[in-house]
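The values are calculated or read from the model by the stated rules, or taken from the named source; none is laboratory data. Because the structure is predicted, anything quoted here is derived from the model rather than measured. Virtual Cβ from ideal backbone geometry, glycine too; neighbours counted across all protein chains shown. For accessibility, only protein heavy atoms count, side chains too; no ligands or nucleic acids. Shrake-Rupley method; radii C 1.70, N 1.55, O 1.52, S 1.80 Å.
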Amino acid sequence: MLYTMSQGYRYLDAEEKGDIFIVTLRNGGDNRLNFDICKELMCVMRDIRQRLKPDSEGALIVRGNNKFFTNLLHAVLDFPFPTIAVITGHTFGGGCPFSLAFDYRIMNSDRGFWSMVAVDFGLHFPGIGSLVKSKLVPSVARKVLLEGHKYTGKEALADGIVDRIVSAEELLPTAVELASRVKSKARGNVYGLLRAELNLEPLKRLQSVSHVHNQRIKPRKVATKL
């Protein structure tokens, strides 16, 4: 059963389905990144962390409202529960690294392109290459960052950019099914720490330009017998 927790949010909707949280961006017609959007997303992630608590199961799903994603990279990479990006339509520019920051990506198979257009539009921010490099194999990272290839869903799946492609009506059910399967991985209170091991370079690069640094919670000590 879904419970809304969107009171006070202007640019997003947040719903709670047990220990799975679904955040839907609804930040205007052109979905541009601005301070207020970033602030709200960081606030809702903070609220979700407080609700879940350490040592609990949980997962976060973020989806657009038939728009492309904006980039709020460090907060997503540092979130201590499994994260899933639902790519509902066209994803260009900052939406590409934002979706890469998530652990899993599910893309609409019916419509939409995924294209990181930085090279064509002269766009850059510190850490943009390190994130692509940590998530994708070298040949695909080159294709994404230096060629700005315009990916269809099938191409994105073949190159390992997304994990699943499904029809529009199956996007959220597929994400919820995946979240139900992986949410227990957060129970040991080391999920975020282990993810950080896989993404050390982008975390360090992005931390220098992030306004909010999440405090990490030390994992509990486990008694061992020799």
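Among the residues of this structure, Ser56 counts as one that is of a type in the set (Ser, Thr, Tyr) and either over 18 Å from Val162 (Cβ atoms) or open to solvent by 10 Å² or more (accessible area, probe 1.4 Å) (or both).
Hey, any hits in the range 81-96 for a residue that's part of a strand (DSSP E or B), surrounded by 22 or more Cβ atoms within 10 Å (Cβ to Cβ) and modelled with pLDDT under 90? Yes, there is a match, as at least one residue in the range 81-96 is part of a strand (DSSP E or B), surrounded by 22 or more Cβ atoms within 10 Å (Cβ to Cβ) and modelled with pLDDT under 90.
Mind counting the residues in the range 58-73 that are at pLDDT 50 or above and outside any strand (DSSP E or B)? Working first, answer last.
Initial filter on the range 58-73 (at pLDDT 50 or above): 58-65, 72-73.
Subset that is outside any strand (DSSP E or B): 58, 65, 72-73.
Result for the range 58-73: 4.
Checking the conditions here, which among Ile165, Ile161 is in a strand (DSSP E or B) and within 29 Å of Asp13 (Cα to Cα)? Walk me through how you get there before you give the answer.
Numbers: Ile161 fails: in a strand (DSSP E or B).
Testing whether each residue is in a strand (DSSP E or B) and within 29 Å of Asp13 (Cα to Cα) leaves just Ile165.
Inside the range 102-127, residues that are among the hydroxyl-bearing types (Ser, Thr, Tyr) and either open to solvent by 70 Å² or more (accessible area, probe 1.4 Å) or farther than 13 Å from Val86 by Cβ (or both) make up a count of 1. For the range 127-179, which positions are touching a strand residue (DSSP E or B) at 6+ places or on another chain (Cβ under 7 Å) and more than 14 Å from Ser115 (Cα to Cα)? Those that are touching a strand residue (DSSP E or B) at 6+ places or on another chain (Cβ under 7 Å) and more than 14 Å from Ser115 (Cα to Cα): Asp163, Arg164, Ile165, Val166, Ala168, Leu171, Leu172, Thr174, Ala175, Val176, Leu178, Ala179. Residues in the range 168-200 that are over 21 Å from Val86 (Cα atoms) and either at pLDDT 95 or above or outside any loop (DSSP other than H, G, I, E, B) (or both): Leu193, Leu194, Ala196, Glu197, Leu198, Leu200.
Here's the yes/no breakdown for (1) touching a Phe, Trp or Tyr at 6+ places or on another chain (Cβ under 7 Å); (2) surrounded by fewer than 16 Cβ atoms within 10 Å (Cβ to Cβ); (3) closer than 23 Å to Ser56 by Cβ; (4) polar (S, T, N, Q):
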residue: Ala168; (1), (2), (3), (4): no, yes, no, no
residue: Leu172; (1), (2), (3), (4): no, no, yes, no
residue: Ser180; (1), (2), (3), (4): no, yes, yes, yes
residue: Lys183; (1), (2), (3), (4): no, no, yes, no
residue: Arg187; (1), (2), (3), (4): no, yes, yes, no
residue: Glu197; (1), (2), (3), (4): no, yes, yes, no
residue: Leu206; (1), (2), (3), (4): no, no, no, no
